[in-house]
Structures are given as structure tokens and as C-alpha cells.
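Asks: I have a structure here, written as C-alpha cells, and I will follow up with some questions on it.
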There are 2 protein chains.
Amino acid sequence: MSLTRSLLLGTLVSVASASFAYADMKPEDAIKFRKAGYNVMQWNMNKIKGMTIESPDSFDAKQVANAANAIAAVANMGMGALYIAGSEESIGDMKTRAKAEIFTDKEGVKEVAIKFNQAANELAKVAATGDKVAIAQAFKDAGASCKACHDKYRKD
Amino acid sequence: MSLTRSLLLGTLVSVASASFAYADMKPEDAIKFRKAGYNVMQWNMNKIKGMTIESPDSFDAKQVANAANAIAAVANMGMGALYIAGSEESIGDMKTRAKAEIFTDKEGVKEVAIKFNQAANELAKVAATGDKVAIAQAFKDAGASCKACHDKYRKD
């Protein structure tokens, strides 16, 4: 199995072999957990941007590596499985900005998911080197792959 | 620097060298980001429990390893820095269950944080081996270290 294929399986279709964890999941919990993943990535993206681009003098290799590891680990944890039936719309206070297309456009989602996973894993790999300039570039590439999904599948 | 000391710095006192990222942070965002970290850990703990204890026949080594990596990465991302002034109490819809003591009892927090970090990193290490029985034990140890903090520093 190729790395790409393996990442994709981790992201999108982990439902089958872990049905215990999803069969009884409430749609509002699915929204809660996927938002948690995005928020963890957002905070860590902010930190990396700050330490490499906005305030490069504050660069701390260990913190940047930890932040990148968190982003990659979340990217690899199989969030695609959280787009369950019933979680298409906000439920009370549990808001979702997911567009309907993320539940139906399997090929399109697969494409952005693969690119994002690759970019997140690359960012973690580059962050481990401590090379600030290379990290800034890998950060921008990862950010572009985030935006590609937001543009297609997230409401404003 | 010992591993323990290094983990602690990562968890608790990353404010100093990353001041850009926290100086302008709104207290409600600090609550949002730390809750996101706990929620990511909760989902992945649920998955590991399901695949090793509740439904061991559904064990999937790759998914368990990815779940454990997410827990460890969140444990290492420096969430202690999110307990900023102004984030002691819920702010509107952004609820926090943190007790006041987590903001004041630095020695007690340090103790539970070190134990939790060690348990989370150990869980990731054991999960990488694919040994289901050993993973179940490491999961229980990690869960106990979660509970130790909840009992002391989280409201019911």
C-alpha cells in the first residue's frame, strides 16, 4: 500500500474497522470532535507562523517541532470518520461550517485530504530539522492545503 | 536537561519564548484551544479503549498507533500556556470546567502534568509496537493520569 493510500485510509475511511467507536456516536459529538481537531491545528499553525514569519526572533525549534507534530498527528487521526450521517448541519449550540459537498463529493474530498496529509507530514518532517527558513516554506505549503479545503468545503 | 524537565517546559512554561502567540490571545480563545486539546485526546482515548478493551476484535494497529500519537502530540504541545489571565471562568457560551486551583497551585499542576506527559508518551511508544495487551495496560495508565488531574483541577 502506498503512503498516500495509507494516509487516505487513515483520514477518510476508518469507519469500517472501528465501527464500535462510531456506531453509537451522537452527531453533535462528531461535530465537537472534528472542530476540536481543526482548532488544535489552528492554534499550532498560529504558533508556527508567529515563530517563523511574524516574529522570527522568537523562533524556538522545540516548540515549533512540537506544534508541527500536533498538526501532523491530528491530520493522521482519521477525522474523515467524523463526517457521519446527521452531522451535516449545526445542532443547537454545536455549530458546523461544513458545506453539504463534503458529505457527497468523495473524489474531491479525497484529493484535498491527500494533499493536506502530505503537507502536514512534510511540515512535521521539516520542523524536526530546526531549519527556520525551510519550516516557513513548509508552513506556507501546509496553509495552502488547508485553504484549498476551506475554499471548497467550508462556509464563510 | 532531563526528559521530564523538557516535557514540563513544553507543557507549562512555553509562554516566555512565544510571547507573540499569547500576548494578544483573547481569554475565550485560550479556553477554546485548550478544550480542543482535551476533546482530541478524549476521542482518541475512546478509540483506543474501544479497540483494545471494549471490542478487542476490532483492533487495528495502525489506527491505535495514530490515536496514541495524537494524544502524545497534544500532551506535548504546551497547553499549560493556555491558562492565561482572564480565562479562569466561562465566558459566555465558552464554558470552562477548570477549577481556580489550576491557576494557582503551580507545584501540584506540575506534578500531574509531568505524570500525564510521561504516560501519554509511553502510550504512543507502546502503541507503535502493536502489542494489544501492552497497549491496553498503557491506556489504563494514561487514563489514570488524566483522572488524577480531573479529580484535582476540573469541576464536575
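Since every read-out is calculated from the coordinates, none of them should be taken as a lab result. If you're wondering where the values come from, they're calculated on a predicted model, not measured in any experiment. Every residue, glycine as well, gets a Cβ built from its backbone with ideal geometry; the counts of neighbours run over all protein chains shown.
Asks: In the set A:152, A:115, which member is of a type in the set (Lys, Arg), within 14 Å of the chain's Cα centre (by Cα), more than 18 Å from residue A:46 (Cα to Cα) and surrounded by 15 or more Cβ atoms within 10 Å (Cβ to Cβ)?
Replies: Residue meeting the stated conditions: A:115.
Asks: With B:36, B:127, B:30, B:81 as the choices, which residue is free of Cβ contacts under 8 Å to residues at least 24 places away in the same chain, aliphatic (A, V, I, L, M) and buried (at least 16 other Cβ atoms within 10 Å of the Cβ)? Can you show your working first?
Replies: On the way: B:127 fails: free of Cβ contacts under 8 Å to residues at least 24 places away in the same chain; B:30 fails: free of Cβ contacts under 8 Å to residues at least 24 places away in the same chain; B:81 fails: free of Cβ contacts under 8 Å to residues at least 24 places away in the same chain.
Being free of Cβ contacts under 8 Å to residues at least 24 places away in the same chain, aliphatic (A, V, I, L, M) and buried (at least 16 other Cβ atoms within 10 Å of the Cβ) holds for just one of B:36, B:127, B:30, B:81, which is B:36.
Asks: Just a yes or no: is a residue in the range B:61-68 of a type in the set (Lys, Arg), under 24 Å from residue A:37 (Cα atoms) and in contact with a helix residue (DSSP H, G or I) (Cβ under 8 Å, 6 or more places away or on another chain)? Even if it seems obvious, please write down each step before you answer.
Replies: Initially, the range B:61-68 is screened for residues of a type in the set (Lys, Arg), giving B:62.
Going one step further and asking which of them are under 24 Å from residue A:37 (Cα atoms), we end up with B:62.
From what is left, the residues that are in contact with a helix residue (DSSP H, G or I) (Cβ under 8 Å, 6 or more places away or on another chain) are B:62.
The answer is yes; a qualifying residue exists.
Asks: Quick one: count up the residues across the range A:39-59 that are within 7 Å of another protein chain (Cβ to nearest Cβ) and either crowded, with 18+ Cβ neighbours inside 10 Å or polar (S, T, N, Q) (or both).
Replies: 10
Asks: Confirm whether residue B:118 is polar (S, T, N, Q) and out of contact with any Gly (no Cβ under 8 Å at 6 or more places or on another chain).
Replies: yes
Asks: Can you tell me which condition residue A:26 does not meet? The list is (1) over 16 Å from the mean Cα position of the chain (by Cα); (2) facing chain B (nearest Cβ under 9 Å); (3) closer than 30 Å to residue A:91 by Cβ, and all the others hold.
Replies: Of (1) over 16 Å from the mean Cα position of the chain (by Cα); (2) facing chain B (nearest Cβ under 9 Å); (3) closer than 30 Å to residue A:91 by Cβ, only one is false for residue A:26: (2).
Asks: Going through the range B:26-83 one residue at a time, which ones are part of a loop (DSSP other than H, G, I, E, B) and either under 17 Å from residue A:80 (Cα atoms) or small (Gly, Ala, Ser) (or both)?
Replies: Looking only at the range B:26-83, we keep the residues that are part of a loop (DSSP other than H, G, I, E, B), and these are B:26, B:55, B:59-60, B:76-78, B:83.
Within the range B:26-83, B:55, B:60, B:78 meet the criteria.
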